[in-house]
Amino acid sequence: MSNAEQAPGKPDWAKTKADLRRERGEKRSKAPLFIAIGTVIGIGLFLGVRAMQTPPTLPEASTPVETRASSKYVSANELLTVTEQTLRETVRLTGTLQPVVKEQVPSLVSAPLLQVNVRIGDSVTRGSELVRMDTTTLELQRNQQISSIEATQANLELAESQLRRTDDLVAKGIAPTTQLEQQQSSVKAMQANLKAQQGQLKLVEQQLSDAVVNSPISGEVSARNVDSGQFVSAGTPMFEIVSLNRLEMQASLPAAKAPALQPGMKVQVFVDGHERVFNGQVERISPVVSQGTQTIPVFISLDNSDGALRAGVFARAELTLAQVDDRIGVPVNAIHDAQSEQPYVLTVSDDQVIRQPVELGAVWQSGQVREVVSGLNSGDVIVRLPLDGLSDGDTISLIGG
């Protein structure tokens with residue numbers, strides 16, 4: 001049968017994609033085949049490269065390999081050589097140095113200033129003339145008082161003479177008693193007036209004496225508030241004189257440390273600008289605690305007879321409340337399990353860390369140092385800090401030593 005005689009073809013809905021391509025004369029694409037072949041080749045190359053990178057499995061050794069533990073590095077400043085020392089419980093105080101002896105010099109007279117003899121910083125001795133006042137008015141007042149007293153004395157003498165005659169006449173019955181009584185009253189009044197005038201004269205004379213002002217103490221002039229020619233009233237402050245032979249510092253001590261404080265305790269005083277340490281002592285202790293701060297005012301005095309210190313400078317003081325000599329103390333950070341029954345420190349001997357049990361004593365230096373009663377000897381080397389990862393039996397290598 002020829003092609004023309006073939007039966008009718010499939011309906012369109014029954015035809016496959018290949019039938020439709022044949023009818024259109026299209027050839028089948030070979031792209032899917034190439035993609036499949038490329039994928040297979042790529043997978044093969046990947047597996048080959050991975051096999052080359054994987055190291056061959058070695059047979060297990062017949063005996064284990066021994067590895068040596070590495071040393072742990074420790075800085076030289078993390079170690080401490082133990083020595084016997086003096087352990088102290090101290091407290092640090094601050095304050096300002098003030099003179100123990102200080103005198104204000106006021107004017108006792110109302111008068112102009114004739115001459116001022118000193119300036120701030122001048123040294124004076126007791127009795128040195130500081131200022132002299134104009135006494136012209138006071139001298140006139142004195143002369144008037146003297147004249148009044150002389151007149152009163154004359155009148156009193158006359159009245160007393162008349163009183164004596166009247167007394168005789170009354171005794172003879174010639175003069176009345178009332179006359180005698182009047183004269184007696186007059187004499188008493190004159191006597192009282194004379195006494196008052198004499199008091200006024202003494203006051204003026206005292207003012208004349210006070211018009212020359214002298215230093216009440218030996219020391220230095222720390223303040224001068226007047227100048228020559230100035231009129232001052234009685235009570236006006238003119239000078240301040242201080243003695244620097246003995247200085248005093250007021251400081252505040254925590255109330256909790258007060259039970260250990262006693263007058264006479266030695267104090268070391270440090271002042272900026274001075275390399276030397278000044279020795280002082282507790283002079284006085286306030287009996288009352290300051291409620292706001294819970295501190296106690298403490299007064300520390302120090303000798304300054306050489307004049308090295310000036311009043312008003314800021315000072316730091318170190319007060320020793322208690323101390324013990326020839327004891328072993330270590331930093332509290334060096335102690336492990338301090339609150340347990342078996343505290344210990346880490347010592348170092350021949351680059352080997354050793355756990356060393358210790359017996360602990362009191363705490364010193366404001367909680368920074370702990371006394372070791374037993375377990376350590378002078379010359380032992382300990383680890384002064386709690387280093388992470390360092391324990392008994394470790395080998396160390398020192399750096400920075």
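Taken together, the values in this text are just the output of simple stated rules run on the coordinates, not laboratory data. Note that this is a predicted model, so its numbers are computed, not measured. Every residue, glycine among them, receives a Cβ derived from its backbone with ideal geometry; neighbour counts consider all protein chains shown.
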>> Counting other beta carbons within 10 Å of each residue's own, what order do HIS274, HIS336 fall into, fewest first?
In response: HIS274, HIS336
>> Please give me the summed charge of the neighbours of GLU248: other residues whose Cβ is under 13 Å from its Cβ, Lys and Arg +1, Asp and Glu -1.
In response: +1
> Which of ILE241, ILE217, ILE382 comes first, and how do the rest follow, when ranked by fewest Cβ neighbours within 10 Å?
Replying inline: ILE217, ILE382, ILE241
> Contour minus end-to-end for GLN365 and ILE399, with contour as 0.36 nm per residue of separation and end-to-end as the Cα-Cα distance?
Replying inline: 9.3 nm
> Between ASN117 and ASP272, what is the label-to-label distance in nm when each label sits 7 Å out along the Cα-to-Cβ direction?
Replying inline: 3.9
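VAL116: net charge of surrounding residues, Cβ under 9 Å, Lys/Arg +1, Asp/Glu -1, itself excluded?
+2
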>> Order these by the 10 Å Cβ neighbour count, fewest first: ASP272, ASP167, ASP122.
In response: ASP272, ASP167, ASP122
>> Can you give the local net charge around ARG224? Use residues other than it whose beta-carbon is closer than 13 angstrom to its beta-carbon, Lys and Arg +1, Asp and Glu -1.
In response: -3
